[in-house]
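One structure is given here, and the rest of the page talks about it.
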Amino acid sequence: MPTLDMSHLRALEAESIEILREVAASFERPVMMYSIGKDSSVLLHLARKAFFPSKIPFPLLHVNTTWKFREMITFRDRMAEQYGFDLISHTNSDGLRDGINPFDHGSSRFTDIMKTQALRQALDAGRYDAAIGGARRDEEKSRAKERIFSHRNAQHAWDPKHQRPELWRVFNTRLNPGESMRVFPISNWTELDVWTYIYAEQIELPALYFAKSRPVVDRSGTLIMIDDDRFRFEPGEKPCDEVVRFRTLGDYPLTGAIRSEAATLPEIIMEMQASRTSEREGRLIDSDSVGSMEKEAGRLFLTCKLLPILRPTPISPSGLASRPINRFSGF
Amino acid sequence: MTCGSVDDGKSTLIGRLLYDSQLILDDQLASLRNESHNRTTGEEGIDFSLLVDGLTAEREQGITIDVAYRFFSTDQRKFIVADTPGHEQYTRNMATGASNADLALVLIDARKGVLTQTRRHSFILSLLGVKHVVVVINKIDLINYDQQAIEGIEREYRSFAQTLGFKTLAAIPVSALKGDNMLATSARTPWYKGKSLVPYLETVDISEDKSERPMRFPVQWVNRPNLDFRGFSGTVASGQIAVDDEVLLSASRQPAKVAQIVTMDGQLQRASVGEAVTLVLDREIDVSRGDVFSHPGEMPEYSNQFQARLVWMSQDSAFQGRSYLLKIGTQMVPATITDIKFRTNVNTLEQAAANKLDLNEVGTVTIATDKPIAFDAYSTNALTGGFILVDRLTNATLGAGTIDFGLRRAQNLTYQSFDVNREVRGAMKKQTPQIVWFTGLSGSGKSSIANLLERRLTAQGKHAYILDGDNVRHGLNKDLGFTEAARVENIRRVAEVARLMADSGLIVLVSFISPFANERRLAREIAGDIQFAEIYVDTPLEVCEARDPKGLYKRARAGEIKNFTGLDSPFEPPVGADLVLHGAEHDPSILSDELYGWLKID
């Protein structure tokens, strides 16, 4: 059983709640990105806590590429029902009309049109002045330099050389017309913090995170789950059932599963602590967080490489305490 | 946090910390080994700085351009490292990192010793209240582990840092590249008796009990889901708050009791510093974002003027008289730098006069806000004493400041505005409420002139009142003697009373010796925006003593009265009086007419 450092988690929780309240108090039209993954689930939980007994005072925005795991959409709708939040689902209708899909158009073009452009459309359409996202500073090297309140010009561009200094907890939330803010309340959380918090707070996640027998194909080491009949098999490919789970969730044809027996939160945490590979290696493209869907420092995600899956080495629970934690990732 | 100059090896140091803590994963390690080709590497064949220099621009320039946050943990502690750039152009980022840091690593390149940057960084650390510093003398491999040179650097740093108020200060010689004194003490520095870096960081005591401080609860968001619930959400900035506590609101000073402390996980009996909660009070009082709750008797300062130290972070210089937006805690108000008292040379800590502050400069300033704000001195509470200044056009963050103390004048403003105000009351009496302050020696004719003036005003239907020194000492000030301190307090009280009476619509004539220039200035400041005239009744001491209407000079000369103004206690003649009346040359009636004409009472 993993040990929980509750004082550390409580401090992170309080910091995130303070940030969420600052958004609600300072902006006219905030919106929270909801990607249905574990980070989003933590954000949702924190937002419920921040405003209790009020309902979350801003809508949740899901950018739906139409290629998400079906289970994610079911889960999303159930959460909206259960917690009574305002859910906005946006799909790039141009992309839909042109039949943009990950098989014919390649993952980078598909991602650009159905995610990056779709997000901008949704933000512009809603005239949102603040978009709350679940990005963390431990995810990537350039992310480590992003502010908690990260300014975007009217073209949604981030200028890392002219970021506003952030001192103490005093956040400069002022905007000129057309400008907007990206806000990252869990900036200071690590992947392990996210998982231990989910465990401590018993936050519900889509079952895809937990090991189960699922139909997959193995493409050069990446396990792709067959979620519906739109999947295009390569010649000779056949789905076979394997016990797998996902470390991140996204578009099913672009999301690699890992072979794992971890079917409970403690098992996942222990497996993760033993892992010698970074979180992102399961992604064929980056996840659904706000920052990653946008240009970073003026460059787009141009490449998409299939990284080899390195299987987690099993480790005994007793070895966990002294074992350092996966904190760092990136190319 | 870490700070150092360009090429001090900060990125290498942090990379080494991550590597030694085994935080670099297999897939990353492999790609690092490839990238490290043709670069300076340690024995592991890795350029550790590649681990941390994220943005392309930085890699190309070989420098770190912005604050970056790294995470690592050991068995003992969790660390968040704010990696702040050493490049001169980006010094402002250091203040950002320092503002939330418990401990700072100051990097010194052993080949270069203590530099201008080192001094500046240390000064900013001190300014932002960082109490624990580790001087990391890096690259000792490049000077062959020269004990004398290293100890020389440590001595130089310690003598410079003496006045900076650090609670703990350690100097550790390391080679981040080779790993000397990082995890374990190095055999190549047998003379070094201290701990190596990581064990030191794991054990240094940085605890500080903020829960014992006076309670501050800045209201962040008013929580009103329906008509039956009205709560105030915020994070406890210091101290503790409990159910049934009586609390006061900073702005209105309205009292209330805490009825409930609400969280989604259930109600709490008590909330401590750092906890994000929602307070429900026992009664309806007017509360909005920016208000600060505290316990009675432990209120924050509430004022519209204060002295602060300001770190300027913008290419556009800071000037006196320019208007900015000031944000402190959850309060945001327009504010003006009213005075740049001096600039501190960050290399020598010397103070010099200045009329502007440029990028990276630190100045001591007074700031006036458009309306009063609640605050504490930064040294007692960073969260209620630290502020930023924002450009009113571009919305850029231009500077950050730490409050030293509130200024007097500000504390004497009206706290709550009422609909019936001075203008209304003055209009009822068909006059402009004002204070006419007479100063001059005993026997100079102040009271006689004031008396005649009051008669004339009254005859014309005006409402005036004389506050006379002797009379007030019979009542309000009968506890005060005639020492210098007592005279100061005497004047302060009278000035406050005069202000209240003028605020009620009266023309107040104050007849007090008021011998000290400082206190006369204080009286004028206390009056604030009330019309105030200082009238000097200038009558030579010999004339006054010859008149001696109350026989006081005689008694003083006989030694019966001590500290008598003009004899054994000084009178500082006013240099900036609004009107001087020469008491030896004319009768009081003529002087009173002169004064009446000058005052232009409508």
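The values are calculated or read from the model by the stated rules, or taken from the named source; none is laboratory data. In this text the structure is predicted, and so the values were computed from the model without any measurement. FYI the Cβ positions are ideal-geometry reconstructions off the backbone, even for glycines, and counts take in every protein chain you see. These area figures cover heavy atoms from the full protein model, side chains too; ligands, DNA and RNA do not enter into them. Shrake-Rupley method; radii C 1.70, N 1.55, O 1.52, S 1.80 Å.
A single entry from B:GLU525, B:GLU572, B:GLU594, B:GLU585 fulfils the requirement of being more than 29 Å from B:THR458 (Cα to Cα) and surrounded by fewer than 21 Cβ atoms within 10 Å (Cβ to Cβ): B:GLU572. Pick from segment A:121-142 the residues that are of a type in the set (A, V, I, L, M) and at pLDDT 90 or above: which of them is nearest to B:ARG70 (Cα to Cα)? Checking each candidate, the answer is A:ILE132. Scanning segment B:480-533 for residues that are closer than 22 Å to B:ILE601 by Cα and among the basic types (Lys, Arg) yields B:ARG499, B:ARG524. For B:GLY297, indicate whether it is on the phi > 0 side of the Ramachandran plot, more than 17 Å from the chain's Cα centre (by Cα) and either outside the structural domain of B:ARG119 (by TED's automatic domain parsing) or surrounded by fewer than 17 Cβ atoms within 10 Å (Cβ to Cβ) (or both). Yes. Considering only segment B:279-290, I want to know if a residue exists there that is in contact with a Leu (Cβ under 9 Å, 6 or more places away or on another chain) and assigned to a strand (DSSP E or B). No, segment B:279-290 contains no residue that is in contact with a Leu (Cβ under 9 Å, 6 or more places away or on another chain) and assigned to a strand (DSSP E or B). Checking B:LYS462, B:LYS478 one by one, the residue that is farther than 30 Å from A:ARG147 by Cα and at pLDDT 90 or above is B:LYS462 and no other.
Taken over segment A:49-70, the criterion of being closer than 18 Å to A:GLY250 by Cα, assigned to a loop (DSSP other than H, G, I, E, B) and open to solvent by less than 30 Å² (accessible area, probe 1.4 Å) is satisfied by A:ASN64, A:THR65, A:TRP67, A:PHE69.
Taken together, B:PRO549, B:PRO540 contain a single residue that is modelled with pLDDT of 90 or more and open to solvent by 40 Å² or more (accessible area, probe 1.4 Å), which is B:PRO540. Restricting attention to segment A:168-199 and to residues that are in contact (Cβ under 8 Å) with a residue 40 or more places away in the chain, within 7 Å of chain B (Cβ to nearest Cβ) and in contact with a strand residue (DSSP E or B) (Cβ under 7 Å, 6 or more places away or on another chain), the residue that is most open to solvent (accessible area, probe 1.4 Å) turns out to be A:LEU175.
Are any of the residues in segment A:4-26 touching a helix residue (DSSP H, G or I) at 6+ places or on another chain (Cβ under 8 Å), surrounded by 16 or more Cβ atoms within 10 Å (Cβ to Cβ), among the hydroxyl-bearing types (Ser, Thr, Tyr) and in a loop (DSSP other than H, G, I, E, B)? No, segment A:4-26 contains no residue that is touching a helix residue (DSSP H, G or I) at 6+ places or on another chain (Cβ under 8 Å), surrounded by 16 or more Cβ atoms within 10 Å (Cβ to Cβ), among the hydroxyl-bearing types (Ser, Thr, Tyr) and in a loop (DSSP other than H, G, I, E, B).
With respect to the conditions (1) closer than 18 Å to B:SER442 by Cα; (2) within 29 Å of the chain's Cα centre (by Cα); (3) open to solvent by 70 Å² or more (accessible area, probe 1.4 Å), B:HIS474 lacks only one, and its number is (2). Could you tell me how many of the residues in segment B:128-154 are under 22 Å from the mean Cα position of the chain (by Cα) and surrounded by fewer than 23 Cβ atoms within 10 Å (Cβ to Cβ)? So the answer is 3. Of the residues in segment B:375-389, none is touching a helix residue (DSSP H, G or I) at 6+ places or on another chain (Cβ under 9 Å), over 19 Å from B:GLN305 (Cα atoms) and modelled with pLDDT under 90.
The residues listed here are B:LEU177, B:LEU125, B:LEU183; of these, the one that is buried (at least 24 other Cβ atoms within 10 Å of the Cβ), among the hydrophobic types (A, V, I, L, M, F, W, C), out of contact with any strand residue (DSSP E or B) (no Cβ under 7 Å at 6 or more places or on another chain) and assigned by TED's automatic domain parsing to the domain that holds B:ARG16 is B:LEU177. Looking for something in a loop (DSSP other than H, G, I, E, B) and among the polar types (S, T, N, Q) - is there at least one such residue anywhere in segment A:204-215? No, every residue in segment A:204-215 fails to be in a loop (DSSP other than H, G, I, E, B) and among the polar types (S, T, N, Q). Restricting attention to segment B:317-350, the residues being of a type outside the set (A, V, I, L, M) and within 13 Å of chain A (Cβ to nearest Cβ) number 6.
Listed by position, the helices (runs of 4 or more DSSP H) inside segment B:483-572 whose residues that are among the hydroxyl-bearing types (Ser, Thr, Tyr) and over 39 Å from the mean Cα position of the chain (by Cα) number at least 1 are B:552-557.
The single condition among (1) farther than 28 Å from A:ARG174 by Cβ; (2) not in a loop (DSSP other than H, G, I, E, B) that A:LEU46 does not meet is (1). Checked against (1) part of a strand (DSSP E or B); (2) open to solvent by less than 20 Å² (accessible area, probe 1.4 Å); (3) of a type in the set (A, V, I, L, M), B:VAL346 passes all but a single condition, namely (1). Among the criteria (1) of a type in the set (A, V, I, L, M, F, W, C); (2) farther than 23 Å from A:ALA24 by Cβ; (3) part of a loop (DSSP other than H, G, I, E, B), the one A:ILE73 does not fulfil is (3). Cβ separations smaller than 8 Å between residues 6+ apart or across chains give the following pairs from segment B:114-135 residues that are more than 14 Å from every other protein chain (Cβ to nearest Cβ) and in a loop (DSSP other than H, G, I, E, B) to residues that are of a type in the set (S, T, N, Q) and open to solvent by 10 Å² or more (accessible area, probe 1.4 Å): B:LEU115/B:SER5; B:LYS131/B:THR168.
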